[in-house]
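Report on the following structure.
Bear in mind that the values in this text are calculations on the coordinates, not laboratory data. All figures in this text were calculated on a predicted structure; none of them were measured in a lab. Quick reminder, even Gly has a Cβ in these numbers, built from the backbone with ideal geometry, and neighbours come from all protein chains shown.
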2 protein chains.
Amino acid sequence: MPPDHASASGFDLERFLPYRLNSLADRISQALACLYETRHDLSVAQWRVLAWLHHREEMTAKQIREATRMDKAKVSRAVQALEDRGLIRRRPSPQDQRVQDLRLTAAGKDLLAELIPEARAWEAELVAPLSVEEYRELLDVMGKLERQLARLE
Amino acid sequence: MPPDHASASGFDLERFLPYRLNSLADRISQALACLYETRHDLSVAQWRVLAWLHHREEMTAKQIREATRMDKAKVSRAVQALEDRGLIRRRPSPQDQRVQDLRLTAAGKDLLAELIPEARAWEAELVAPLSVEEYRELLDVMGKLERQLARLE
DNA sequence: CCCTGTTGGTTTCATATGCAACCATTTGTC
DNA sequence: GACAAATGGTTGCATATGAAACCAACAGGG
C-alpha cells in the first residue's frame with residue numbers, strides 16, 4: 001500500500017514542515033534573545049526596530065511595521081521604550097504631522113556597534129556546521145517558501 | 001576593503017538567518033493556524049497535543065512537554081481544554097498517582113481524521129515550488145541547525 | 001517507618017500580545 | 001473650502017504567556 005497523503009494514518013509531527021520550522025525558529029530566536037534581552041535589556045521587537053534604523057537611517061513607524069510585519073501596537077510600544085531610553089529620536093515629519101521620522105541617537109549607534117558584532121558572531125557559530133553551499137541553498141529555499149506563502153494568502 | 005564581520009557596518013536584518021527564519025516560521029505558523037483555529041477552534045498548543053497523541057497513542061503531560069518543548073503550564077492548559085471538549089481522556093496512571101495517561105477519545109480521533117489531511121494538503125501546497133531534492137535538503141539542513149543549537153546551549 | 005528532597009502537574013501573578021476603538025491629521029470630492 | 005473617508009499612531013481591554021510558587025505523590029536514606 002503506497003503512502004496515502006489524504007489519510008490521517010501515520011502522521012508524524014516531527015516530519016511536518018510547519019511544525020519543525022517553527023520549533024527550530026523558536027529555539028534560535030529564544031537562544032539569541034539572551035544576547036539582547038539579558039545583556040542589554042532589549043526586547044526582540046526593540047532589537048528589530050534598532051536594526052532596521054541602522055540599516056535604513058531614517059524610517060517611519062509604518063515603514064518599520066511593513067518591514068518587520070509586526071503589529072502596529074507592538075511597533076508603537078517598542079519605539080516608545082527606545083525613545084525613553086534615549087536610543088532613538090523621533091520627530092514629527094515636516095510634510096505630514098501624523099507621521100514621525102525615527103533615527104538612531106549617538107547612544108543608539110553605540111549600542112548597535114556592540115550588539116551587531118555579537119549577533120553576527122552568534123549566527124556564525126550557529127551556521128558553522130553548514131557548508132557555504134548549504135547556507136546559500138537554505139536562504140534560497142526560504143525565499144521560495146516566502147514567495148509561495150505570499151501567493152497562498 | 002573586505003567585508004568585516006566584526007564591525008557593525010552594512011548589517012542587514014533581511015540577511016540575518018535568525019530573523020529570516022523566525023519571520024518565515026511565524027508567517028507559516030499563523031497561516032496554518034487558520035485551519036485549526038478558525039475552523040476547528042483549536043489553539044496551536046492544542047493541535048500539537050492532539051497530533052502527538054495521534055502519533056504515540058498514550059503519553060503523559062511530561063512526555064508531551066519534552067516532545068514539543070512547550071511550557072509546562074501551556075501543556076497543562078491545553079490538556080485541560082481538550083479534556084473539557086471531550087477530545088482526549090486522561091486518567092491517573094496506576095503506577096504513579098501523580099502522572100496522568102492521556103489518550104484520544106473517539107471524538108478526538110474523528111477530529112484528527114479531518115484535520116490531518118487538511119494540514120497535509122496545506123503543507124503540500126506550501127512546498128509545491130520546491131523540488132523533492134530541495135525539500136529533502138531543507139529538512140537535512142534544519143536537522144544540522146538543531147544539533148548545533150543543542151551544542152551551543 | 002519518618003523526614004528530606006524530587007518530580008509531575010496546577011495555579012497565581014505580572015507581563016506581553018493583538019485587536020479594536022480612538023484621536024489627530026491629511027486627502028479627496030463636491 | 002467643508003465634509004466624508006482614509007491614514008499614522010496611541011491606548012484600552014481582554015487574552016495568552018512564562019516564571020515561580022504551590023500541591024500532591026513518590027523515592028530514598030537514616
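Can A:R77 be described as within 16 Å of DNA strand C (Cβ to nearest atom), within 30 Å of B:M142 (Cβ to Cβ) and out of contact with any Leu (no Cβ under 9 Å at 6 or more places or on another chain)? Criteria not met by A:R77. Just to be sure, is B:I64 more than 10 Å from DNA strand D (Cβ to nearest atom), farther than 30 Å from A:A51 by Cα and away from chain A (no Cβ under 14 Å)? Taking the combined requirement at face value, the residue does not satisfy it.
Within this structure, B:L50 passes the test of being closer than 21 Å to A:F16 by Cα and away from DNA strand C (no atom under 13 Å from the Cβ).
Output the residues belonging to region A:43-63 that are touching a residue at least 24 places away in the same chain (Cβ under 8 Å) and closer than 21 Å to A:A25 by Cβ.
First, the residues of region A:43-63 that are touching a residue at least 24 places away in the same chain (Cβ under 8 Å): A:43, A:45-51, A:53-54, A:57-62.
Of everything in region A:43-63, those that are touching a residue at least 24 places away in the same chain (Cβ under 8 Å) and closer than 21 Å to A:A25 by Cβ turn out to be A:S43, A:A45, A:Q46, A:W47, A:R48, A:V49, A:L50, A:A51.
Residues in region A:127-153 that are among the small types (G, A, S) and outside any helix (DSSP H, G or I) were compared, and the one that is nearest to the other protein chains (Cβ to nearest Cβ) is A:A128.
Answer yes or no: is there a residue in region A:34-52 that is within 13 Å of chain B (Cβ to nearest Cβ) and within 10 Å of DNA strand D (Cβ to nearest atom). Within region A:34-52, not a single residue is within 13 Å of chain B (Cβ to nearest Cβ) and within 10 Å of DNA strand D (Cβ to nearest atom). Does A:R69 meet the test of being facing chain B (nearest Cβ under 10 Å), on the phi > 0 side of the Ramachandran plot and among the charged types (D, E, K, R)? Here the answer is yes, as A:R69 does meet what is asked.
Residue count for region B:111-144 under the criterion of being under 19 Å from A:K144 (Cα atoms) and not basic (K, R): the result is 21.
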